[in-house]
Amino acid sequence: METSLIASIIPPAVAVALSPMPIAALLLLLLSNKARSNSISFLFGWIIGLGMLIGISILYLDQASAAIGG
């Protein structure tokens, strides 16, 4: 059951991760004066943010499945 739940969550998660807003922000960063340092900072922030979101989601799903009795 958990595998099918995770499999159903992956496509929307990929769509959100590849949404046009961060891509537009990255293009603006690349055209700025300090493109390299700004882009690296943006990339690390994006990765850390996605990692935290994934971690919180996993914790929430574990607690929800434990409450159901799974």
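Just so it is clear, none of the values below were taken in a lab; they were calculated from the coordinates. The structure displayed is predicted, hence computed values, not measured ones. Every residue, glycine as well, gets a Cβ built from its backbone with ideal geometry; the counts of neighbours run over all protein chains shown.
Expected output is a single nm value to one decimal: the length gained when fully extending between Met52 and Leu26, i.e. 0.36 nm times separation in residues minus the C-alpha distance. What is it?
7.3 nm
Per-residue ellipticity at 222 nm computed for the chain from its helices equals -30000 deg cm²/dmol, with DSSP H segments shorter than 4 residues left out and the rest contributing -39,500 (n - 2.57).
Angle check, please: helix 20-30 long axis (alpha carbons) against the longest principal axis of the chain (alpha carbons), in degrees 0 to 90, nearest 10. Taking Cα atoms only, the helix is inclined about 30 degrees. Against the chain, whose longest principal axis comes from its Cα atoms, helix 35-68 is set at around 10 degrees.
Shown in residue order for segment 3-9 are the 3J(HN,Hα) couplings computed by the Karplus curve 6.51 cos²θ - 1.76 cosθ + 1.60 at θ = phi - 60°: 5, 5, 5, 5, 5, 7, 8 Hz (x for Gly and Pro).
Principal axis extents of the Cα atoms in the chain, from largest to smallest and rounded to whole angstrom, are 55, 18, 13.
Projecting label points 7 angstrom from Cα along Cα→Cβ for Leu43 and Val14 puts them 2.2 nm apart.
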